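The next block holds one structure in the form of structure tokens; read it before the comments.
The values are calculated or read from the model by the stated rules, or taken from the named source; none is laboratory data. These numbers come from a predicted model, not from an experiment. Neighbour counts are summed over all protein chains in view; Cβ atoms, including those assigned to glycine, are modelled from backbone coordinates with ideal geometry. Heads up: the accessible areas ignore ligands, DNA and RNA and are worked out on the full protein's heavy atoms, side chains in. Shrake-Rupley method; radii C 1.70, N 1.55, O 1.52, S 1.80 Å.
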Amino acid sequence: MLASIPSPASNGVQVGPFDIRYYGLCYVVAVIAAVVITGHRWAQQGGERQVAEDVALWGFPAGLIGGRLYFAITSWDEVPDEWYGVFAVWKGGLGLPGGIAAGVLVGVWRLRRLGVDVPRFMDAAAPGLLVAQAIGRVGNWFNQELFGRPTDLPWGLEIASDNRPARYLQDPTFHPTFLYEILWDLGLALALVWLGHHRRIRPPGLFALYVAGYAIFRIFMETLRVDPANEILGLRVNMWVMGIAFVAASAWFVSIQRRDDPSPGGRRRVRAA
């Protein structure tokens, strides 16, 4: 192996009596990034930056709960045996589909309470959510989890033997699926910003494209991953969930763009910063 990506020597740091996990810190940074980006984009459309902070205060805890519930339901055999196992998010185990769904539902509820234009805000938030997901995936690198099949490519990820599945104990490097997803998320975020500037996309069309774009890539990622997963008809549960999400989001996007616009100028162009 001439080149490879090393994994971190540890997944946390001891500060006094506290064991701080890098996985959790990544999520904190991810939330801050999402709030800053969304607040900026929303302000560029004439909204108040504080709306993004308010939504995050409600949506982030909901996302954690939804993500953990999704993990517990779809990967019940991976939940730690301790009595607090279902709550042990610091050990990993957050299902992103559940986190997104719960966070969005609570966020929409909060936006309605604030009297905010929900579709436009969802479009403003989509790129920031993708950046947050990319940052969150760095936490998987620190935990040495959710990697792909063995590979001898130059960017293969080194995984300690204690973290390898039994059938791959002799394979030192694996596909860095966390890195693939980071690159995809950031690329999709840039694409959505470009579309908001250069194409007539009726809101929340950008958000629908965010869901569809993430879902189709996640299906591909599931074909690489080797972590334990429950299956339905021989396919990982996440592949079914993402397949449904892709079809639903694609149909939603088409429906949004075909909907008649009651404004005098016809379909409205929403400019996003």
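Surface exposure of the chain, expressed per residue as accessible area with a 1.4 Å probe, stands at 52 Å². Applying the Karplus relation 6.51 cos²θ - 1.76 cosθ + 1.60 with θ = phi - 60° to region 200-211 yields 3J(HN,Hα) values of 7, 10, 7, x, x, x, 5, 5, 4, 5, 4, 5 Hz, where x marks Gly and Pro. What is the sum of charges, Lys and Arg at +1 and Asp and Glu at -1, for the other residues whose Cβ falls under 13 Å from the Cβ of Gly213? With Lys, Arg at +1 and Asp, Glu at -1, the neighbours total -1. Normalised by residue count, region 182-226 yields a Cα convex hull volume of 59 Å³ per residue.
In the set [x] 19.8; [y] 20.4; [z] 18.7, the label that goes with Kirkwood radius over Cα pairs in Å computed for this structure is [x]. Taken over region 108-177, the convex hull of the Cα atoms encloses 124 Å³ per residue. Across the accessible surface of region 153-260, with the other protein chains kept in place and a 1.4 Å probe, carbon and sulfur atoms take up 67 percent. For region 34-41, the Karplus equation 6.51 cos²θ - 1.76 cosθ + 1.60, evaluated at θ = phi - 60°, returns couplings of 4, 5, 5, 5, 5, x, 5, 5 Hz by residue, with Gly and Pro reported as x. Exposed loop sites were defined as chymotrypsin sites (Phe, Trp or Tyr not before Pro) in DSSP loop states (anything but H, G, I, E or B) carrying at most 12 other C-beta atoms within 10 Å; in the chain the longest segment without such a site runs 85-273.
Sparse packing (at most 12 other Cβ atoms within 10 Å of the Cβ) combined with a DSSP loop state is found for none of the trypsin sites (Lys or Arg not before Pro) in region 13-55.
With distances taken between every two different alpha-carbon atoms, region 1-71 has a Kirkwood hydrodynamic radius of 15.0 Å.
Residue-wise HN-Hα couplings along region 154-159, as the Karplus relation 6.51 cos²θ - 1.76 cosθ + 1.60 with θ = phi - 60° gives them from phi, are x, 9, x, 9, 6, 10 Hz; Gly and Pro carry x.
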